[in-house]
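The values are calculated or read from the model by the stated rules, or taken from the named source; none is laboratory data. Keep in mind it's a predicted model, so treat the numbers as computed, not measured. Quick reminder, even Gly has a Cβ in these numbers, built from the backbone with ideal geometry, and neighbours come from all protein chains shown.
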Amino acid sequence: MDGGSGLNLISKIIADTLKVDVSVLSGANIANEVGQEKFCETTIGYRIRPNGQLFYELFNTPYFRVAIVNDPSGVELCGALKNVVAIGAGMVDGLDLGDNTKAAIIRVGLVEMMRFAKLYDPTVQDATFFESCGIADVITTCAGGRNRRLGEAFVRTGKSFDVLEKELLNGQKLQGASTCEKLYQYLKDRELVHKFPLFSSIYQICFENLAPENITRFHLTHVNKL
Ligand SMILES: NC(=O)c1ccc[n+]([C@@H]2O[C@H](COP(=O)([O-])OP(=O)(O)OC[C@H]3O[C@@H](n4cnc5c(N)ncnc54)[C@H](O)[C@@H]3O)[C@@H](O)[C@H]2O)c1
Ligand SMILES: O=P(O)(O)OC[C@H](O)CO
């Protein structure tokens, strides 16, 4: 996701700039494991079906199994939003709270991902969240991703994400913290912060000195209905 309060999808920027049709690939695909040809699934979101089919043929292998869906926004939003959830999962690890708590963060995180994606783009489909780009990528990122790792380090060391990124990521960029800032601003501008208690807590812990123990306070206000 790019932009200030007026969020924009990277695929849209590319499509508008280059005047080409753009499909989106995202999934539970930690690069090291893909590189070792360990089995995984991925999702390609297409606008134009023949292009989705072309990418399927290009990318699909016995160990990298592609599903194509006619929901490019949903696929891309999953890829951006799960990084925010993973920072929350890392905070759970930093607080030594355990697997049950992390599962709760994953569940509520997925609910808020769906709610935000449909708010941002009403054409986004529920089914997309049950593809690899959705629940599967949330699980793998909350288990083995960089966002999880830095969420834990943030709680254990008290250092900022900018400092941790430089110290721990060897030149790579952390996506979750900046995405969290942008989506919080988007929600604030629309007076919708109260509908996203987990995302809001993660933002306030990261940037407003809220105590990390508040990571579970969503249960005080969370509405399960999508
Ligand atoms: N590395 C993995 O194993 C892996 C696996 C699956 C999904 N992902 C996801 O893929 C995405 C990218 O991860 P990566 O590993 O390629 O990270 P990376 O840090 O290697 O590359 C990200 C690139 O995006 C650029 N960038 C960041 N914000 C930008 C903006 N607003 N406009 C233009 N460019 C911008 C950065 O400068 C950087 O070059 C993340 O959402 C990540 O969660 C990564
Ligand atoms: O390292 P992260 O946190 O960007 O997550 C990696 C990918 O999302 C896994 O699919």
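Go through the range 16-36 and give me each residue that's closer than 27 Å to THR141 by Cα and away from ligand 2 (no atom under 16 Å from the Cβ). Result: VAL22, SER23.
Residue check: is VAL124 touching a residue at least 12 places away in the same chain (Cβ under 8 Å), more than 20 Å from THR216 (Cβ to Cβ) and away from ligand 1 (no atom under 16 Å from the Cβ)? Yes, satisfied.
Picking from residues in the range 165-186 that are part of a helix (DSSP H, G or I), within 14 Å of ligand 1 (Cβ to nearest atom) and without any contact (Cβ under 8 Å) to a residue 60 or more places away in the chain, the one that is surrounded by the fewest Cβ atoms within 10 Å (Cβ to Cβ) is LYS166. From the list LEU77, LEU81, LEU58, LEU95, the one residue that fits, being surrounded by fewer than 19 Cβ atoms within 10 Å (Cβ to Cβ), at pLDDT 95 or above and under 22 Å from ALA31 (Cα atoms), is LEU58. Of the listed requirements (1) without any contact (Cβ under 8 Å) to a residue 60 or more places away in the chain; (2) within 16 Å of ligand 1 (Cβ to nearest atom); (3) closer than 22 Å to ASP96 by Cβ, LYS159 misses just one: (2). In the range 23-55, the qualifying residues are those that are of a type in the set (Val, Ile, Thr) and under 13 Å from GLU131 (Cα atoms), and the one that is surrounded by the fewest Cβ atoms within 10 Å (Cβ to Cβ) is THR42. When ALA143 is tested against (1) among the hydrophobic types (A, V, I, L, M, F, W, C); (2) assigned to a helix (DSSP H, G or I); (3) crowded, with 16+ Cβ neighbours inside 10 Å; (4) modelled with pLDDT of 95 or more, just one condition goes unmet, and that condition is (3).
Considering the range 1-107, there are no qualifying helices (runs of 4 or more DSSP H) wholly inside with 3 or more residues that are touching a strand residue (DSSP E or B) at 6+ places or on another chain (Cβ under 6 Å), away from ligand 1 (no atom under 15 Å from the Cβ) and among the β-branched types (Val, Ile, Thr). Restricting to the range 126-140, and then to whatever is surrounded by fewer than 17 Cβ atoms within 10 Å (Cβ to Cβ) and of a type outside the set (A, V, I, L, M), can you tell me which residue is nearest to the chain's Cα centre (by Cα)? For the range 126-140, the residue satisfying everything is PHE130.
Specify the residue that is surrounded by the most Cβ atoms within 10 Å (Cβ to Cβ); the eligible residues are those in the range 192-226 that are hydroxyl-bearing (Ser, Thr, Tyr) and modelled with pLDDT under 95. Ranking the candidates gives THR216 first.
As a summary of the residue check, ASP189 satisfies the conditions (1) surrounded by fewer than 13 Cβ atoms within 10 Å (Cβ to Cβ); (2) free of Cβ contacts under 8 Å to residues at least 60 places away in the same chain; (3) away from ligand 2 (no atom under 12 Å from the Cβ) except for the one numbered (2).
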